[in-house]
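Novice: First, the structure itself, so that you have it in front of you.
The values are calculated or read from the model by the stated rules, or taken from the named source; none is laboratory data. These numbers were taken from a predicted model, which means no experiment stands behind them. We place every Cβ from the backbone using ideal geometry, glycine too, and count neighbours over all the protein chains shown.
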Amino acid sequence: MRVTNAGTFRLKHKLLFIANALKQHEIGLEETDDGIWSNYFGTVLLGKVNEREMIIRD
């Protein structure tokens, strides 16, 4: 998934801010649990998103 020029990405039709430094870079999303998504830049885990709260956590 590509990060926008605003540093955001889309999950379930909602925009989430991740980082300005990742503008126009690809990130990976993997559902690791029911409704929990891990965000990766290459092999580096950036954080996890709970799709019920739509908040990125460490």
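Novice: Within region 11-32, can you find the residues that are basic (Lys, Arg) and modelled with pLDDT under 95?
Specialist: At the first step, the residues of region 11-32 found to be basic (Lys, Arg) are 12, 14, 23.
Matches in region 11-32: 12, 14.
Novice: Could you please find all residues in region 2-16 being within 15 Å of residue 48 (Cα to Cα), within 10 Å of the chain's Cα centre (by Cα) and touching a residue at least 12 places away in the same chain (Cβ under 8 Å)?
Specialist: Matches in region 2-16: 9, 11, 16.
Novice: Here's a follow-up. Could you check how many residues of region 33-45 are surrounded by 11 or more Cβ atoms within 10 Å (Cβ to Cβ) and modelled with pLDDT of 95 or more?
Specialist: First, pick out the residues of region 33-45 that are surrounded by 11 or more Cβ atoms within 10 Å (Cβ to Cβ): 35-41, 45.
Those left that are additionally modelled with pLDDT of 95 or more: 36-41, 45.
Here the count works out to 7.
Novice: What are the residue pairs meeting all of these: first residue in region 38-58, first residue farther than 19 Å from residue 13 by Cβ, second residue surrounded by 12 or more Cβ atoms within 10 Å (Cβ to Cβ) and among the basic types (Lys, Arg), Cβ atoms under 6 Å, and 6 or more apart or on different chains?
Specialist: Every condition considered, the pairs that remain are 38/48; 57/48.
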